[in-house]
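Structure first, commentary second.
The values are calculated or read from the model by the stated rules, or taken from the named source; none is laboratory data. Please read all numbers here as calculations on a predicted model, not as lab measurements. Neighbour counts run over all protein chains shown; Cβ positions are idealised from the backbone, glycine included.
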Amino acid sequence: MRRTHGLHGDDAAGKGHVFAKTETTVEPTEDGEAVNLVAQNLAGYIQTKSGRTVAYALMVNNAGRLNDFGPEISAVFEDEGVISSIIYETL
């Protein structure tokens, strides 16, 4: 497992405590000009602030068209990182 993409910022609360595997599925749009984000999944475990180790999974499905893949998929990873940090902080 590897640390989540979304937890690479120095200020992320869960940085170094979230270990997960990502999987991204895209398909070409009908016009062939972009891709549709079919699924972005993240599963692994978190060593929480309270000392517990919890298994977790996050799934984003059918998010729609990505016209500029890099920045737009990075935004999904960042959102998953924020959610992972919230889990780290609160459990």
Any hit, the stretch 49-63, residues being more than 9 Å from the chain's Cα centre (by Cα) and in a helix (DSSP H, G or I): no
Per-region count, the stretch 37-53, residues surrounded by fewer than 16 Cβ atoms within 10 Å (Cβ to Cβ) and among the polar types (S, T, N, Q): 3
Every residue from the stretch 45-63 that is over 23 Å from GLY16 (Cα atoms) and either touching a Gly at 6+ places or on another chain (Cβ under 7 Å) or modelled with pLDDT under 90 (or both): ALA63
Among (1) at pLDDT below 85; (2) surrounded by 11 or more Cβ atoms within 10 Å (Cβ to Cβ); (3) over 10 Å from the mean Cα position of the chain (by Cα) - the single one TYR88 does not satisfy: (1)
Count - residues of the stretch 64-73 that are surrounded by fewer than 15 Cβ atoms within 10 Å (Cβ to Cβ) and either at pLDDT 95 or above or not in a loop (DSSP other than H, G, I, E, B) (or both): 5
Pairs where the first residue, in the stretch 51-67, is touching a residue at least 40 places away in the same chain (Cβ under 8 Å) and the second is assigned to a strand (DSSP E or B), C-beta under 6 Å, 6+ apart: LEU66/VAL35; LEU66/LEU37
Count - residues of the stretch 16-36 that are over 13 Å from the mean Cα position of the chain (by Cα) and surrounded by 13 or more Cβ atoms within 10 Å (Cβ to Cβ): 6
